[in-house]
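Enquirer: What follows is a single structure, and I will ask about it in a moment.
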């Protein structure tokens, strides 16, 4: 049994997560929380989220599309001028 644990520990040493990946993951989590917090009160468009959070519109768009893919955010409606969709937190 000790040999098995030793082997597992050696494999863990070889499979270290690079620091760059850890930093990116933390940044993704921070941005995701910021966007979800902006959407708590009411649905918002990408420019509105960008203005409220201080994030670039490209960053907001990328993360919103990712969150839509994983069903964390939903499309709410299209504005009156048919320019921007508004997004809301997914229910459930």
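Only the coordinates and a few stated rules stand behind these numbers; no lab work does. Just so you know, these numbers come straight off a predicted model, no measurement behind them. Please note: Cβ atoms are built from the backbone with ideal geometry, for glycine as well, and neighbour counts cover all protein chains shown.
Enquirer: For the chain, what mean projected area does the convex hull of the alpha carbons give, in nm²?
Expert: Values: hull surface 35.0 nm².
One quarter of the hull surface, i.e. the mean projection, equals 8.8 nm².
Enquirer: Please tell me the relative contact order of the chain in percent, rounded to the nearest whole number, where contacts are Cα pairs under 8 Å and at least six residues apart.
Expert: Working: 73 pairs, mean separation 22.4, N = 92.
Relative contact order for the chain comes out at 24 percent.
Enquirer: Moving on. Roughly how tilted is helix 57-69, in degrees to the nearest 10 and between 0 and 90, from the longest Cα axis of the chain?
Expert: Approximately 70 degrees, to the nearest ten.
Enquirer: Taking neighbour Cβ counts within 10 Å as the exposure measure, how do 81, 65 sort from fewest upward?
Expert: Numbers: 81 6, 65 10.
Placing the least packed residue first, the sequence is 81, 65.
Enquirer: Then there is this: Would you mind checking the tilt of helix 2-14 against the longest principal axis of the Cα atoms of the chain, expressed as 0 to 90 degrees and rounded to 10?
Expert: Tilt relative to the chain: about 50 degrees.
Enquirer: Further, regarding this structure: Using Cα springs under 10 Å in a Gaussian network model of the chain, which residue among 23, 60, 75 shows the largest mean-square fluctuation?
Expert: 23
Enquirer: May I ask for the angle, rounded to the nearest 10°, between helix 19-38 and the longest principal axis of the chain, with both axes built from Cα atoms and the value confined to 0 to 90°?
Expert: 30
Enquirer: Go ahead and set up a Gaussian network model of the chain, Cα springs under 10 Å, then flag whichever of 26, 13, 71 fluctuates most.
Expert: Result for the chain, Cα springs under 10 Å: 13 fluctuates most.
Enquirer: Once every DSSP H run of n ≥ 4 in the chain is given -39500 (n - 2.57) and the sum is divided by its residues, what mean residue ellipticity at 222 nm do you get, rounded to the nearest 500 deg cm²/dmol?
Expert: On the way: 4 runs with 54 residues, N = 92.
That calculation yields -19000 deg cm²/dmol at 222 nm.
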